[in-house]
Amino acid sequence: MSEAGTHPGGHIAHITQAPAQGMITLRGDLSTSAVKNAATGVAAVDMPARGQANCVEDRGIAWMSPDELLVLCPYDTVEANVDKMRATLGDAHALAVDVSDARATFLVEGTHAREVLAKLAPVDLAPDAFVPGMFRRTRLAQVPAAFWMRDARTFQIVCFRSHAQYVHDLLKTAAAPGSAVAYFTG
Amino acid sequence: MSTRLATGGRLINTDAPMRFTFNGKVMKGYAGDTLASALLANDQMLVGRSFKYHRPRGIVASGVEEPNALVNLGVEGKFEPNQRATTTELFDGLLATSQNHWPSLEFDVGALNARLSRFMPAGFYYKMFIHPRPLWKHVYEPFIRQAAGLGQAPKGRDADSYEHFYAFCDVLVVGAGIAGLMAAKSAADAGARVLSLEQAPQGGGRAPVDGGQVDGVPVDKVVDQLVSELTEMPNVTLRLRTMGAGVYDHGYVLGYERLTDHAPDQPGPRHRLWRIKAGQVITATGAIERPLSFAGNDVPGVMLASAVRDYIVNYGVSPGDRVAVVTNNDDAYRTAIAVKKAGLDVPVILDARVLPEDSPLMAEARAAGIRVMMGHGVASVMGGKRVTGIGVCAQAGEGAVLEEIGCDVVAMSGGWSPVVHLWSHCGGKLQWDSDYAMFRPDVHKAPVGGDGAAFVRTAGAANGHFGLHEIVGDGHACGGLAAKATGHTPRKTDAPQGDSPSEAPLAQVWIMPQGAGKTLRAKAWLDYQNDVKVSDVQLAAQEGFESVEHAKRYTTLGMATDQGKLSNINGLAILSDALDQPIPQTGTTTFRPPYTPISMGAIAGEARGAVFQPIRRTPMHDWHEANGADWEPVGAWRRPYAYVRQGESVHDAVMRETRNTRENLGLLDASTLGKLLVKGPDAGRFLDMLYTNMMSTLKPGKCRYGLMCGENGFLIDDGVVARIDEDTWLCHTTTGGADSIHQHMEEWLQTEWWDWQVYVANLTEQYAQVAVVGPNARAALEALGGMDVSRDALGFMEWADGTLGGFDARVYRISFSGELSYEVAVRASQGQAFWDALMAVGDSLGVMPYGTEALHILRAEKGFIMIGDETDGTVIPQDLGLHWALSKKKDDYLGKRAHVRSHMADPDRWKLVGLETLDGSTLPDGAYAVADGTNANGQRNVQGRVTSSYHSPNLGKGIAMGLVHHGPDRMGEVIEFPGTDGKTYQARIVSPVFYDAAGEKQDV
């Protein structure tokens, strides 16, 4: 059941800081085709439903709120993509802005990844309750964060850049050796 | 004496002996023992001293209700006081010491208090320590503090780790006794996601000790079967050593898991706090036996009857060779029978009842040859540190001793009280059941959720059921109902059939004997730890403490670490009797979480050491750290207060940085300033509402300083606003205001002006921002090259996009220092590289980084206000002479209406001025200027206060700003500021602008 010890330092999950990820905040009326096209045209994925994220590697769209999306794209294409989105939006009242540098991203990987996050976020992380395709804005202990699942055993976490060190330390603490909860894994 | 029996002990493993130490004495126990059972096995009945009289205290109970056996555990980083021996699992090498005695447990000087007990009645402290008043501070308070507390406070840093865990389930079952297991099983069978918590290391609760059969199978086998079935079910989690600590609104429950208390060498966290959100909560928390109130019931060796049989059956420990049983109910007969079966002697059962015929349990006891004396009770207990015998009396009498009977243990039972704590935490009501003399949950008044439906249910003994048949049936039904309430369909199965002998009714006995006189009542303990006796509660009632909550606090009944688990019902029954009112009218005190104390570590969870508190770091944080930063917390950020060089004091560094910035070139990491992007067709009018001055008229490419007030007119933030394009503005906020002003904007947009077309994005962290300040600032940017930053190309209060030294940059020509100054924003990921580039080109220009204190001095020299210094939530722009920033052209802005209120327009409001000491010294920050006369409270009148004060190295003297009554009209006047250092500072009222009043230096 446990694979503790297979991760560096005997941690119960593998924690890594992900390379820079392009992120664009898009605010607007999500029901309009201008806004939808601006997002999908850049991310090349379908619009997600409420509370969902459609992500393929480093491209994707995450539903942030009824009037906000987070659009993911390769970091080095952000500027071009913001321009492209603004062109698509035309005269529509909307806001598209690069926020890539304002964020840090982490990957939490392994059989116990769910438990590591459940120690920090008030989210139902049971395997049948939180699945790939979902997106959650929440908090990790004392700071805001959002996450989704890249696959069945990997979470991708976004937090503010200034909190990166704290979140890194936090995830390592939550993944401390011998701290598996065995709540989701049985 | 107490000892280990040759046989028995269903929980211990005699193949795994363990050594432990109590008060320096090495003792032997087995795996599966509790510390209490192991102490008893080593004939250690005396385990502590009571709080007030330092009376000898022995083990009374076998579970969480134990009031006496509290010990210090471990040493140094593992030290913890007040640990309950009855719930402490034994491990090899355990170190325990007893508490609250000096010099030793056996001989305690404080026991003299007991001789004086007659003079230390209820309310003693209140009565004694109130007069004369002056003695309180230096005599009484230190004395009481010295006497307070049982264990010692830990001195070492906690060596263990702790964590939280968020869990969600349909049905949470607290307690895995037979009722809880049944409930969990029927809820799980219906398909609900079930989480089952059990505080003990094993399931089953009392059932395996008390016996009986379910569907013809012995109940201990049924327990094993249920535990193994639940463990196998994928939709069930059963956590042992996990206590349900508290029930809160919306199905939120705290669970307290003790992972390594029993195995301290095991890696991982010691405790885990489960933060559970449950659809339905079932409290299957069992019941606690009540002591009987008779004289001498606190002598070590007087124990709860249930505990006596627990020690025999569970741990193979005999608490004593001769066990006298005293009871008002049938259940204690089980103890007598268990003692007899273990081959020990029961000299007598004293039963306070007089019954027409024997119940099956009574008959069984008599058949075992035990002498039963109906209608009798205990008049007195012989022995000091250990029971040696009892005096028997008629329960109906006044306590005349009819016979003395030798014994080592008195097993008492005053009936059972359901554990209603968790039911009550969130508002569940209780009803009085006079048949069983107990409060039980009123199932029609359950805690309700947001939908008005019950979210807490209760099952088994916790629900006031005591027969095995009723308990099993109640658990089974309750689990099904809870599953149904969470949208599952319970299986239609018949409840298992439990069998248990019928029992004769209990008799209510609150004092033994019924006519006990004053002397006996003063020796009949209710609260063992806090030394509250029957006589104390009666005295409290006599003195007018009629409310149970008042009587509790006056007598300290139930205020010990066991929180009244044994004393509560007995105490309020005595109070009711004294007040001559029925018990339900007296009611109970409030049941508050946690059920038993939980560790501070568990509450803190992971938040310690590096992750105690999030610290926000700018992109240049590590550079600052490596270059001598003396940190200052600003909001959650850490900013360099100054960069201290070797051999320099912090003050020296501040002076050097302040001077250098005026003379050469200073760099400030301004990345923490809030940067809010506001965009949309209505953005201009939105900002006109938020700022007191006009922002809609600002031209693209230009900057304007703005003030923000709240609805009540007080200043909440300030900063420079840049207009980016036709419908976009970038608003700089203070460091601390970034998040709150963002929220402020969203709140107005979402609640009041929801139809305005405006979007806001917080870009604070997208950029690293560096203030390049000083006469050489332009030269530095020109050395980087890439854009024209000349006066003509980029004038004061303008901004431009471009590249500097190859970095994409937005350059704002703004100044918070009065010097030639640029603030340059680059992508955060480029922040450090850009800083390095500036340091490189600045090398020949006299560059030095400067910190927040130099920033403050520079702005104070210029008379610029600082939100949080000149403002404190009660200051309006007019107080600060900022009338120029209050637009008269606008119909409205937040705060405008408030500014015309009479008090805001009052000419007597204190106003901003500069202050200059006559001797050049620096005024103490926050000092008040005194005026003539005194106020209604006899205090000196005041006429102003210092809001900012610094030594200015550029001016070579102390400079300050302050708010002074009629200040601007009193230029040149000298006022006095008494300091806390005994010195009175004389300061002249001057203009707040000390440096370059014409503003020429920033506009070059």
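Some points to look at:
- Scalar couplings 3J(HN,Hα) for the stretch B:427-436, obtained by applying the Karplus form with A = 6.51, B = -1.76, C = 1.60 to θ = phi - 60°, are x, x, 8, 10, 10, 7, 10, 6, 5, 9 Hz; x denotes Gly and Pro.
- Efficiency of FRET between residue B:756 and residue B:215 - r from beta-carbon atoms, R0 56 angstrom, step 0.05: 0.20
- Annotation: for a label point projected 7 angstrom from Cα along Cα→Cβ of residue B:874, residues of the stretch B:890-907 with backbone N closer than 17 Å are B:902-907.
- Put simply, the amide H of residue B:526, placed in the peptide plane, has neighbours under 5 Å in B:532, B:533, B:534, leaving out anything fewer than 5 places away on its chain.
- Taking amide hydrogens as placed 1.01 Å from N in the peptide plane, the amide H of residue B:716 sits under 5 Å from those of B:708, B:709, B:710, each at least 5 positions away in sequence or on another chain.
- Cα→Cβ-extended label distance, 7 Å offset, between residue A:56 and residue B:159, nm: 5.5 nm
- Compared with the rule-of-thumb size 2.2 N^0.38 Å for a compact globular protein, the protein assembly as shown has a Cα radius of gyration ratio of 1.14.
- Formal net charge of residues neighbouring residue B:973 (Cβ-Cβ distance under 15 Å; K, R +1; D, E -1): -1
- 3J(HN,Hα) along the stretch B:970-976, derived from phi through the Karplus expression 6.51 cos²θ - 1.76 cosθ + 1.60 where θ = phi - 60°, amounts to 10, 3, x, 6, 9, 10, 10 Hz, with x in place of Gly and Pro.
- FRET efficiency for residue B:801 and residue A:32, using Cβ-Cβ distance with R0 set to 25 Å, rounded to 0.05: 0.25
- Extension gain (nm, one decimal) between residue B:19 and residue B:43, 0.36 nm per residue minus Cα-Cα: 7.1 nm
- By the rule of a C-alpha distance below 19 Å, with chain neighbours fewer than 8 residues away ignored, the aspartates and glutamates paired with residue B:983 are B:916, B:919, B:925, B:932.
- Nearest-ten-degree value, helix A:164-174 long axis tilted from longest Cα axis of chain A: 40 degrees
- Once the Cα atoms are used to define both axes, helix B:738-747 deviates from the longest principal axis of chain B by about 80 degrees.
- Using a simple spin-label model with pseudo-atoms 7 Å out from Cα toward Cβ, residue B:141 and residue B:622 lie 5.0 nm apart.
- Debye equation applied to the C-alpha atoms of chain B, log10 I(q)/I(0) at 0.05 Å⁻¹: -0.48
- Amide H contacts of residue B:851: B:643, each under 5 Å away and 5 or more positions distant or on a separate chain (H built 1.01 Å from N in the peptide plane; Pro and chain starts excluded).
- Zone residues, the stretch B:966-1000, relative to residue B:921, backbone N less than 15 Å from point 7 Å out along Cα-to-Cβ: B:975-988
- According to the Kirkwood relation over distinct C-alpha pairs, the hydrodynamic radius of the stretch B:865-985 is 15.8 Å.
- Shown here are the Rg and Dmax of the Cα trace of the stretch B:666-707, at 12.5, 39 Å.
- For the stretch B:182-270, radius of gyration divided by Kirkwood radius, i.e. Rg to Rh on alpha-carbons: 1.01
- Extension gain from residue B:697 to residue B:993, taking 0.36 nm per residue of separation minus the Cα-Cα distance: 103.7 nm
- For the stretch B:291-412, projected area of the alpha-carbon convex hull averaged over all directions, nm²: 6.7 nm²
- Computing FRET efficiency as 1/(1 + (r/R0)^6) for residue B:790 and residue A:91, where r is the C-beta to C-beta distance and R0 is 30 Å, gives about 0.25.
- Among the listed pairs B:185/B:492; B:221/B:492; A:172/B:155, those with a Cα-Cα distance over 22 Å are B:221/B:492; A:172/B:155.
- All Cα-Cα separations within the stretch B:684-764 were binned at 5 Å from zero, giving a P(r) of 3, 15, 28, 29, 19, 6, 0, each value a whole percent of the pairs.
- Scaled against the 2.2 N^0.38 Å expected of a compact globular protein of N residues, the Cα radius of gyration of the stretch B:317-377 reads 1.02.
- For the stretch B:518-581, alpha-carbon Rg relative to the globular expectation (2.2 N^0.38 Å, N residues): 0.96
- Violating pairs (Cα-Cα greater than 21 angstrom) within the set B:679/B:862; B:340/B:523; B:862/B:890; B:675/B:890; B:52/B:127: B:679/B:862; B:340/B:523; B:862/B:890; B:675/B:890
- Once the Cα atoms are used to define both axes, helix B:219-232 deviates from the longest principal axis of chain B by about 30 degrees.
- Derived scalar couplings ³J(HN,Hα) [the stretch B:764-771; Karplus, 6.51 cos²θ - 1.76 cosθ + 1.60; whole Hz; x for Gly, Pro]: 3, 8, 5, 10, 8, 10, 10, 8
- The simple spin-label model puts a point 7 Å past each Cα toward its Cβ; for residue B:550 and residue B:233 those points are separated by 5.0 nm.
- Net charge contributed by nearby residues that have their C-beta within less than 12 Å of residue B:474 (K/R +1, D/E -1): +1
Just so you know, all these numbers are worked out from the coordinates, no wet-lab data involved. Everything quoted here is computed from the prediction, not taken from an experiment. Glycine also receives a Cβ, built like all others from the backbone with ideal geometry; neighbour counts cover every protein chain displayed.
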